[in-house]
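Right, one structure below, let's go through it.
The values are calculated or read from the model by the stated rules, or taken from the named source; none is laboratory data. Remember, predicted model here, so these are calculated numbers, not experimental data. Neighbour counts are summed over all protein chains in view; Cβ atoms, including those assigned to glycine, are modelled from backbone coordinates with ideal geometry.
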Amino acid sequence: MQLTTKCDILQKNVPHPIIQGKYVECIDIMEEVVSIKKNVYGTDHLEYEKSSEKLCEYLNLAAMIFLQKEKFDVCLDYLRKA
């Protein structure tokens, strides 16, 4: 199974994945995907850009969820990564 597919499944099949740690797992997977695509394609390739955008979506979503829970340090960490 491709890493991005696994990440999509984790994100879609869990009603509140951040609570169960699934978004954190998705972020870890997408960081790996971005790193691989950067090494294979370079930073100017569309595949790298798409994966980077997906990673930013997960990071921003996680940050907003932690912001709502008033976990400001964690929220800031995710926003810095994005």
Thr43: passes all of (1) more than 15 Å from the chain's Cα centre (by Cα); (2) modelled with pLDDT under 90 but (2)
Counting just the residues of segment 29-46 that are among the polar types (S, T, N, Q) and in a helix (DSSP H, G or I), which one comes out nearest to Tyr58 (Cα to Cα)?
Ser35
Going through Glu49, Glu70, Glu31 one at a time, which residue ends up being surrounded by 15 or more Cβ atoms within 10 Å (Cβ to Cβ) and modelled with pLDDT of 85 or more?
Glu31
